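Colleague: Quick one: this structure, given as structure tokens, is what I'll be asking you about.
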Amino acid sequence: MIEQADYWRKDLYKLAKVIERRYRQKKWSSISFHNLEKEIFLGFFSIRKLIESKKVAKSICNLNYSITTYPYSTNNLSLWKNPNPLNNYDLLNGISSNKSIEEICNQFIHSKIFIPFIPLNEELVWNLCLF
């Protein structure tokens, strides 16, 4: 249970600023990808921890966000054999759905693969979390 939510909120705000800077980042290294994955995970973990500790207003917890999911198109074994895990998903047939912030947190926290999508020599467009 979180006693002093202000410390968690301040750290989460700082983390959000770091992620926001990464959104505009032009050059990416393996360390950049590693740090982004860690920052995203810690951010969603912090949000979930604040929610579970009842330190977030119910009005925020009850919000639903529109997301697009992409169906898995092959069997689980190919996930580890395929050099590009994106090939295992049907990225042309996204399915729109609504998820609560807590459900989204859980998806990122428990994801098996995290791949940020960055077009060649451009900014981060969106994060793809494969489950």
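The values are calculated or read from the model by the stated rules, or taken from the named source; none is laboratory data. Because the structure is predicted, anything quoted here is derived from the model rather than measured. Please note: Cβ atoms are built from the backbone with ideal geometry, for glycine as well, and neighbour counts cover all protein chains shown.
Colleague: Do any helices (runs of 4 or more DSSP H) lying entirely in the range 56-131 carry at least 3 residues that are in contact with a strand residue (DSSP E or B) (Cβ under 8 Å, 6 or more places away or on another chain), closer than 16 Å to Phe44 by Cα and at pLDDT 75 or above, and which ones are they? Walk me through it before giving the result.
Modeller: On the way: elements: 58-61, 76-81, 101-109.
In the range 56-131, the matching helices (runs of 4 or more DSSP H) lie at 101-109.
Colleague: Quickly run through the range 7-50 and pick out the residues that are more than 17 Å from the chain's Cα centre (by Cα), loosely packed, with under 10 Cβ neighbours inside 10 Å and not in a loop (DSSP other than H, G, I, E, B).
Modeller: Selection gives Ser30, Ile31.
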